[in-house]
Amino acid sequence: MSEGNEILTELDGIQARGLEALATVQDEAALQAWKTAHLGRSAAVMQVFSRLGQVEKELRGQVGQRANQVKQVLEAALAEKDSLVRAAALERRLAAEKLDVTLPGRKPDYGRLHPSTLALDEICRNLGEMGFQIYRSPEVESEEYNFELLNIPAHHPARDMWDTFHTTQPGVILRTHTSPGQIRAMRENAPKPIRMILPGMVYRYEQTDASHESQFNQVELIAVGPGITFGDLKGTIEDLAHRMFGPDVHIRLRPSYFPFTEPSAEIDMECFICGGKGCAVCKGGGWLEIGGCGMIHPVVLQNGGYDPTQFSGFAAGLGPERIAMLKYHIEDIRLFWGNDVRFLEQF
Ligand code: DAH
């Protein structure tokens, strides 16, 4: 048989084997391998083109044409298989990634403000509207500011009112109340009149229980100027209570003792749960204690740089957590710093 006829027979086989092999291809990888083997540079049909020179002249055209035809048949079959393989792959992916639109959605966790922050913000916003300016004072204090300058000398029995966290540095403590900020605010501004609030964390070295924590917030109020009276103090506290708890709530100032104020008082608010009749929250008394207050002691005014014969002033200390506990019916102060999201999520 002539070379040309031999190649023509071979080409039939090449086409048949190529199509046969293609029929078993299932995926992308196998398809690529098939393409290299049957249409690549060293594929049998490609070899035929380089052998054309050996074919007798009269058959050369026919062999070349047939080789082209086989190549085209294989290419067409490849294209068809390619779209089948792609469609099957897509089908598989769709089945695997099936989406059940009837499943309940997953709710994102929204961040919220801590109840202490909410209470602090509300107190500061209302006092801000009443003309009080915020003053930041350090949490790490000296004993001098925390006690001595507030008219509480060393060894004075009144120090027992504040169990203190000391540091390894003598005389440096964690502030037990926001009152030392009074001295800082006064010294920075004397002899100008001031009206300021000092919010922030305070620390007590105490056994913790449902109503005692080793850290909590306070908001200190201070107003110094010529002719400030106890009436101004009471009016300010009353105005704040009305803004926060409504116009009908009553306030009571109960005589008390603090070394840095004279006279001093505890601030009681009429129980807003029972309206003063007596209930479990106010333990039957009808009143709730929300802080302390008084007229700034002349010695303290002087320590702040004001002449007590020319100036007078009032001060108060409020407990935002105490107010938040009353407002939201929180029964254990330890929940505030327990970091339990089930608690925090409720505000
Ligand atoms: N510093 C006091 C405390 O923590 C609270 C207080 C009472 C603050 C009377 C005042 C005040 O400014 O006048 O127990």
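The values are calculated or read from the model by the stated rules, or taken from the named source; none is laboratory data. Note that the structure is predicted; figures quoted are calculated from it, not measured. Note that each Cβ is placed from the backbone with ideal geometry, even for glycine, and that neighbours are counted across all protein chains shown. Ligands, DNA and RNA are excluded from the accessible area calculation, which covers all protein heavy atoms including side chains. Shrake-Rupley method; radii C 1.70, N 1.55, O 1.52, S 1.80 Å.
For this structure, a couple of remarks:
- The residue that is surrounded by the fewest Cβ atoms within 10 Å (Cβ to Cβ), counting only those in the stretch 150-195 that are aliphatic (A, V, I, L, M) and in a loop (DSSP other than H, G, I, E, B), is 154.
- Test for residue 129: is it touching an Asp or Glu at 6+ places or on another chain (Cβ under 7 Å) and loosely packed, with under 13 Cβ neighbours inside 10 Å: no
- Scanning the stretch 158-184 for residues that are within 15 Å of the ligand (Cβ to nearest atom), without any contact (Cβ under 8 Å) to a residue 40 or more places away in the chain and not aliphatic (A, V, I, L, M) turns up 159, 160, 175, 176.
- Here is the figure for the stretch 333-347: residues that are open to solvent by 40 Å² or more (accessible area, probe 1.4 Å) and within 19 Å of residue 281 (Cβ to Cβ) total 4.
- For the stretch 241-263, filtered to residues that are modelled with pLDDT of 95 or more and open to solvent by less than 10 Å² (accessible area, probe 1.4 Å), the residue that is nearest to the ligand (Cβ to nearest atom) is 261.
- Of all the criteria given as (1) touching a Phe, Trp or Tyr at 6+ places or on another chain (Cβ under 8 Å); (2) more than 17 Å from residue 259 (Cβ to Cβ); (3) of a type in the set (Ser, Thr, Tyr), the one not satisfied by residue 137 is (1).
- Counted residues, the stretch 270-285 - those being over 34 Å from the mean Cα position of the chain (by Cα), hydrophobic (A, V, I, L, M, F, W, C) and open to solvent by 30 Å² or more (accessible area, probe 1.4 Å): 2
- Taking the conditions (1) open to solvent by 80 Å² or more (accessible area, probe 1.4 Å); (2) farther than 18 Å from residue 343 by Cα; (3) without any contact (Cβ under 8 Å) to a residue 60 or more places away in the chain in turn, residue 105 satisfies each one other than (1).
- All positions within the stretch 196-227 that are more than 11 Å from the ligand (Cβ to nearest atom), of a type in the set (D, E, K, R) and not in a loop (DSSP other than H, G, I, E, B): 209
- Against the test of being aliphatic (A, V, I, L, M) and open to solvent by 50 Å² or more (accessible area, probe 1.4 Å), the options 88, 43, 79 yield a single qualifying residue, 79.
- When residue 147 is tested against (1) at pLDDT 95 or above; (2) on the phi < 0 side of the Ramachandran plot; (3) open to solvent by 30 Å² or more (accessible area, probe 1.4 Å), exactly one condition is not met: (3).
- Count - residues of the stretch 283-315 that are in contact with a Phe, Trp or Tyr (Cβ under 9 Å, 6 or more places away or on another chain), among the hydrophobic types (A, V, I, L, M, F, W, C) and either assigned to a loop (DSSP other than H, G, I, E, B) or within 13 Å of the ligand (Cβ to nearest atom) (or both): 7
- Test for residue 138: is it in contact (Cβ under 8 Å) with a residue 24 or more places away in the chain, of a type outside the set (Gly, Ala, Ser) and within 16 Å of the ligand (Cβ to nearest atom): yes
- Selection of first residues in the stretch 12-28 that are farther than 30 Å from residue 93 by Cβ and of second residues that are not aliphatic (A, V, I, L, M) and not in a loop (DSSP other than H, G, I, E, B), restricted to Cβ pairs under 9 Å at least 6 apart or on distinct chains, gives the following pairs, ordered by first then second residue: 12/66; 14/38; 15/69; 17/38.
- Qualifying residue in the stretch 316-328 (condition: assigned to a loop (DSSP other than H, G, I, E, B) and either under 24 Å from residue 230 (Cβ atoms) or not assigned by TED's automatic domain parsing to the domain that holds residue 213 (or both)): yes
- Restricting the stretch 316-327 to residues that are under 25 Å from the mean Cα position of the chain (by Cα) and within 13 Å of the ligand (Cβ to nearest atom), the residue that is surrounded by the most Cβ atoms within 10 Å (Cβ to Cβ): 320
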